[in-house]
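Right, I'll just put the structure down here and ask away after.
The values are calculated or read from the model by the stated rules, or taken from the named source; none is laboratory data. These numbers were taken from a predicted model, which means no experiment stands behind them. Cβ atoms come from the backbone with ideal geometry, glycine included; neighbour counts cover every protein chain shown.
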Amino acid sequence: MDIVKGFPATSQDHFQLNVTNIIKQAVQSFAKQEIASRKHDGTIFRYTYGDAYNRMGKLANALKELGVRTGDRVGVLAWNTHENYEIYFGVPGMGAVMLMLNLRLAPPDLSYVINHAGASVIIVDETLLPIAQAIVSLCPNVKTFIVITAKSIDNFADKLPNVVSYEDILAKADSQFPWPNLDEKSAYAACYTTGTTGKPKGVYYSHRNVYLHSCSIALNAEIALRDTVLQIVPMFHALGWGLSQASTMVGARQVFSGMYTLDKLGTLAELFVNEKVSVSAGAPAIFMPFLEYIRKLDPKPDLTGVRLLSGATEPPIAMMKGFAELTGAEVIHAYGATETTPLVTINRIKPWMESTISEEDRWDRKRKQGYCVNGLDLKVVDLSENPVPNDGKTAGELLIRGPWITGSYHEAPGSEAQFTADGYWRSGDVATIDEEGYVKITDRVKDVIKSGGEWISSVDMENEIISHPAVLEAAVVGVAHPKWQERPIALVVLRPEGRGKINVEDIREHLAAKFAKWQLPEAVFFVDTIPKTSVGKINKKVIREDYKETYASQTEIPPVGHSRT
């Protein structure tokens, strides 16, 4: 896109938008603000922004002493803890690049990421040592492992080579560090895509990128000084969706969830109540089981006024209604990706719509991905890359560009086709956009079901199935059909009270209220679990492979479905 130069300004445009300035300003203005972090034993560690900043300086000095230099990549295998918060500013602040490592990746993919990025140092939580041990022989360029532990480092000397203690190196270091005035275009951190197709691809976020994204998160999530923000999103996943940097920018109180699991969701419930949390973020993969946990509590926690930013996949209406009715919390859908840092759109009902749409329309609207946040440019285009009309019906691929959108993948030959000549990133999402500017993702390009020359949205069908009161989870994919190209199948996880009482025709009849008869899935499989990716999304690639023979011998669409347990 051509840049037109106007009359020269007198602004200090040479001032660098680097992330170090976020924490410096926060400490200058909010040094006494509290940070709470849940430790592995369940106790809460508390300190302040000022305390954290001193330890960030110590970390930077310690890394320098270990030989880390400007531009070096430092891998991080850690939970949502105060130590990870220190790493978020200490590592990039000294000029190194924070390499966020997905602890759920298999050793071959994880070692590929480490080697591709050229990491020489890895910081690892003691509970994640088995992961580090699994990749150590595959990563010969890693010279030092720094273990986050309160124990003596002697306990780990035989587990990893060149191992030192995070606390020990900080204890020996000076808290005063001469933070460099980094070029804002320097890499702040790197995150690799999960590699569902081909090898993981590296997205390197610049300081300018993260600075501007932090402004946007704080503005659009309405995070302010008097908020308490709980970090649920794994901090290794797309910068933890930017909550910790945005919270630091406005001086909000922060709570780090530590290590939690889906079978111990009481941890999160206690943090919400005891720490008086007002803002958090997560995927339906965590919010849905969290809601199920809350259903069993008596009394229910009062979360009135709490804002839950929901991303990764479209939030089911049943989930949003459940939180509102049981706790008073509002679920706010937002959309993005690793490549977008991630915020692209956010869904808030506009004031002039409050009195003009029905309650049913309001909930239906809230499950859309929302309108584009200021600072970005997006469009939905057809196969010829012409913008589709803003009618909420015509579908195309969503294209995005802007200051916090990746412009390329790091050393990934062959990935150039994912970007247009004028700088848009091709999201791979099929979407519509309505007259109010609300984007609605109807599917992934690779997941949309193509049946008899028509498209069926797997996302819409999944969410309609989940709206059935007996259903806990659902996944819909298209599998090959000898006559119709593809036909949908549905995997359904029932609530305990629905097991043995709900059959295939019950699901089809429920769908018939919103979908044409020809769109209904003939095959509905009642299962105990649905395959998920490392970041909690439905793994449709695995489902398609497992169920690829479902319609192999059929030439007509059968009138009655079938099920399997």
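Given Val479, Val459, Val492, which one is assigned to a strand (DSSP E or B), buried (at least 18 other Cβ atoms within 10 Å of the Cβ) and touching a residue at least 40 places away in the same chain (Cβ under 8 Å)? Before the answer, list the steps.
On the way: Val459 fails: assigned to a strand (DSSP E or B); Val492 fails: touching a residue at least 40 places away in the same chain (Cβ under 8 Å).
Selected residue: Val479, the only one of Val479, Val459, Val492 that is assigned to a strand (DSSP E or B), buried (at least 18 other Cβ atoms within 10 Å of the Cβ) and touching a residue at least 40 places away in the same chain (Cβ under 8 Å).
Tally time: how many residues in region 284-309 are part of a loop (DSSP other than H, G, I, E, B), of a type outside the set (D, E, K, R) and surrounded by fewer than 21 Cβ atoms within 10 Å (Cβ to Cβ)?
Matching residues across region 284-309 total 5.
Given the structure, is Gly500 at pLDDT below 90 and among the small types (Gly, Ala, Ser)? Steps first, answer last, please.
Values: at pLDDT below 90: yes; among the small types (Gly, Ala, Ser): yes.
Yes.
Would it be correct to say that Asn84 is outside the structural domain of Lys532 (by TED's automatic domain parsing) and crowded, with 23+ Cβ neighbours inside 10 Å?
The answer is yes for Asn84.
Would you confirm, using the coordinates I've provided, whether Pro130 is free of Cβ contacts under 8 Å to residues at least 12 places away in the same chain and either in a helix (DSSP H, G or I) or more than 23 Å from the chain's Cα centre (by Cα) (or both)?
yes
Tell me which residues, restricted to region 117-127, are surrounded by fewer than 19 Cβ atoms within 10 Å (Cβ to Cβ) and closer than 23 Å to Thr338 by Cβ.
Scanning region 117-127 gives a single hit, Gly118.
Let me ask you something else. Considering Ser37, Ser29, which residue is surrounded by 14 or more Cβ atoms within 10 Å (Cβ to Cβ) and in the same structural domain as Gly90 (by TED's automatic domain parsing)?
Ser37 is the lone residue from the list that is surrounded by 14 or more Cβ atoms within 10 Å (Cβ to Cβ) and in the same structural domain as Gly90 (by TED's automatic domain parsing).
Which of the residues spanning region 135-161 are surrounded by fewer than 15 Cβ atoms within 10 Å (Cβ to Cβ) and more than 18 Å from Ser120 (Cβ to Cβ)?
Within region 135-161, Ala150, Lys151, Ser152, Asp154, Asn155, Ala157, Asp158 qualify.
Residues of region 408-418 being surrounded by 11 or more Cβ atoms within 10 Å (Cβ to Cβ) and either more than 24 Å from the chain's Cα centre (by Cα) or not aliphatic (A, V, I, L, M) (or both), which ones?
Scanning region 408-418 gives Ser408, Tyr409, His410, Glu411, Ser415, Gln418.
Let's see how each residue does on (1) under 23 Å from Tyr204 (Cα atoms); (2) under 15 Å from the mean Cα position of the chain (by Cα); (3) of a type in the set (A, V, I, L, M, F, W, C); (4) in the same structural domain as Arg208 (by TED's automatic domain parsing):
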| position | (1), (2), (3), (4) |
| --- | --- |
| Met235 | yes, yes, yes, yes |
| Trp241 | yes, yes, yes, yes |
| Ser247 | yes, no, no, yes |
| Val250 | no, no, yes, yes |
| Val255 | no, no, yes, yes |
| Thr261 | no, no, no, yes |
| Lys264 | no, no, no, yes |
| Ser280 | no, yes, no, yes |
| Leu297 | no, no, yes, yes |
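Give me a count of the residues in region 270-287 that are of a type outside the set (Phe, Trp, Tyr) and over 24 Å from Tyr47 (Cβ atoms).
Counting residues in region 270-287 that are of a type outside the set (Phe, Trp, Tyr) and over 24 Å from Tyr47 (Cβ atoms) gives 5.
I'm checking my understanding of the structure. Among residues of region 419-435 that are among the polar types (S, T, N, Q) and within 11 Å of Lys379 (Cα to Cα), which one is nearest to the chain's Cα centre (by Cα)?
The qualifying residue nearest to the chain's Cα centre (by Cα) is Ser427.
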